[in-house]
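For reference, the structure discussed in these notes is given below.
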Amino acid sequence: MSTALLHATAHEKKPLITKKKLLPYWLLAPGIIWLVIFFLVPIYQLISTSTQTQGFGIGTYVQTYRFSNFIDAITSSKAQLIRSFEYAFLATVFALIISYPLAYAVAFKSGRWKNTLLVLIVAPFFCSFLLRTVAWEQILGEQGLVIKFLRFVHIIGAQGHLTATPFAVVAGLTYNFLPFMTLPLYASLERIDIRMMEASGDLYANALTTFRKVTIPLSMPGVVAGTLLTFIPAAGDYINAELLGNPGTKMIGNVIEARYLEIVDYPGAAALSLILMVTILILVMAYVKRAGTEELV
Amino acid sequence: MNRATRWFSRNLIRIYAFVGFTYLFIPIIYTIAFSFNASTKSNLVWVGFTWNNWLNPCGAPDVCNALGNSLKIGVLATFFATILGTLMAFAMGRYAFKGRSIVNILIFLPMATPEIVMGASLLTMFISFGFNPGFWTIVIAHVMFCISFVVVTVKARIASLDPRLEQAAMDLYADERETFRRVTLPLVAPGIAAAALLAFSLSFDDFIITNFNSGDVNTFPKFVYISAQRGLPPQANVIGSSMFLIALIIVLVGQFVGRKRAGVR
């Protein structure tokens, strides 16, 4: 995961070859064909499914251009939709709060341990996403030591839980997508010319002012990339809500999954997927525009 | 600001980083510790230490079948995604052409789309074309979402190359093909290797898209998800721990080799 994210904000300034007109298309063709057939066409199918209605028999649908599917989807899953964005937002904020000092420490305070620490940030990623979530479930769960200790010192009452709460879901989301935040932050912090900070100090700015006026603005590309890379998967996730939450913490991903794979209501699920995707794209575009960063790819 | 507070603030961030790393590693340590648990069924309570799970990682039903599928899918998806993505990266990193920004958007979109949307839409398409989801639909899906990450990784490496190295090769009468084969490709190779490693770990770890497009084929994440409801066998921890350790070793060796090569240069 590391390198892609590290370079997610990389600049590109090099003269491009213009002589060969056809070669780039030949190089692009196989990948583009793959992405068109297995990404764009499915999205088109999703759009077309979203306005279908039940035909004869379960799982068969006919195109009726029923746009009220979207209204039905929103009214029936409004709570989960809003909750998804709330949780994703909270997880993104927490991830930023945790990651920034971490990335800062690795970029500026780690000396010759820099590369090792960088590997350690990515390392938890190599242990399966699901295993990590299950591990949290068990650490915080009824059999775990944490809950017993918290009950023992009466921070939590005998009836209190840690798992099956909104807290656990947000904590799980924060944990699972943390490297997506830390790596772009590190990449942009690491690129900062240390002389900029020294210059700020020479001009009588104290450490805090230097941080506020030099470090933070220069690390903005990393902040933007990191928040996007955390927010997008968090908003669509349903594993954390499933394993760490309760029926009252269901997110939109849970609803889509259930509608697709259990209820077999394809149009409803497609409508919800599109709502999720379009909302995220609108948020992303508005955010990138406000934050004013360059090309992300 | 006096010296004492500066010392404190300087060490504050180190303390903070230490806490941060501890937080990152708690579930990993937990997973590794419980891979040595002598429990027979659900792996919730510490029973006692044993090597048995490590000596017999296939002891739990289905776990090795799922692991085998995940490895096969990972290798195939990595192979195709790395080839397709690297070709695209060369086009994007080297050539000016019309339609560049559209291609850029096409590469960016899969990374900006929630997995559940990609999984659901692919399943919709497979169903409407009468395709039964199974092993190959998983491979197809994994190649699809890995390509963009490969392109970004390899492209960054191409962009960071010193153009003078290739010019030097040309000056020394290497033709274009030879320059590419003997100078450009070896220089880009670490980027391609990193991209392949990334693609494999993305594929191996994917659950959401796989769950939609797998039919009744089991993969390791799917196995973990399903058995998490009843209690995970310690063998799952063994496999998770060994994947973690193997990946760590590969990355550390890669860094070591990279540093050595950089030192020689």
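Can you confirm whether B:Ala189 is within 28 Å of A:Val122 (Cα to Cα) and more than 10 Å from every other protein chain (Cβ to nearest Cβ)? Against the criterion (within 28 Å of A:Val122 (Cα to Cα) and more than 10 Å from every other protein chain (Cβ to nearest Cβ)), B:Ala189 qualifies. When the residues of the range A:130-149 are filtered to those that are crowded, with 22+ Cβ neighbours inside 10 Å and at the interface with chain B (Cβ under 7 Å from one of its Cβ atoms), the one that is farthest from the chain's Cα centre (by Cα) is A:Gln138. Look at (1) farther than 23 Å from A:Val106 by Cβ; (2) in contact (Cβ under 8 Å) with a residue 60 or more places away in the chain; (3) open to solvent by 60 Å² or more (accessible area, probe 1.4 Å) and you find that A:Leu203 fails only one, number (2). Considering only residues in the range B:15-51 that are within 29 Å of the chain's Cα centre (by Cα) and open to solvent by 100 Å² or more (accessible area, probe 1.4 Å), the one that is farthest from the other protein chains (Cβ to nearest Cβ) turns out to be B:Trp51. Taking residues in the range B:34-49 that are more than 19 Å from A:Arg132 (Cα to Cα), and partners anywhere that are open to solvent by 60 Å² or more (accessible area, probe 1.4 Å) and in a strand (DSSP E or B), the pairs with Cβ atoms closer than 9 Å and at least 6 places apart or on different chains are B:Ala38/B:Phe49. Just one of the listed residues (B:Phe135, B:Phe129) is within 30 Å of B:Val238 (Cα to Cα) and open to solvent by 20 Å² or more (accessible area, probe 1.4 Å), and it is B:Phe135. Considering only residues in the range B:52-69 that are in a loop (DSSP other than H, G, I, E, B) and touching a helix residue (DSSP H, G or I) at 6+ places or on another chain (Cβ under 9 Å), the one that is surrounded by the most Cβ atoms within 10 Å (Cβ to Cβ) turns out to be B:Ala60. Screening B:Phe97 with (1) within 8 Å of another protein chain (Cβ to nearest Cβ); (2) of a type in the set (Phe, Trp, Tyr); (3) under 29 Å from A:Thr60 (Cβ atoms) gives one miss only, at (3).
One residue alone among B:Ala194, B:Ala247 is buried (at least 21 other Cβ atoms within 10 Å of the Cβ), part of a helix (DSSP H, G or I) and within 9 Å of another protein chain (Cβ to nearest Cβ), and that residue is B:Ala194.
If the condition is being surrounded by 18 or more Cβ atoms within 10 Å (Cβ to Cβ) and at pLDDT below 85, then the range A:150-199 contributes A:Leu162, A:Thr163, A:Ala164, A:Met197.
The values are calculated or read from the model by the stated rules, or taken from the named source; none is laboratory data. Fair warning: this is a prediction, and the values are worked out from it, not measured in the lab. Please note: Cβ atoms are built from the backbone with ideal geometry, for glycine as well, and neighbour counts cover all protein chains shown. These accessible areas exclude ligands, DNA and RNA; they are computed on the full protein's heavy atoms, side chains included. Shrake-Rupley method; radii C 1.70, N 1.55, O 1.52, S 1.80 Å.
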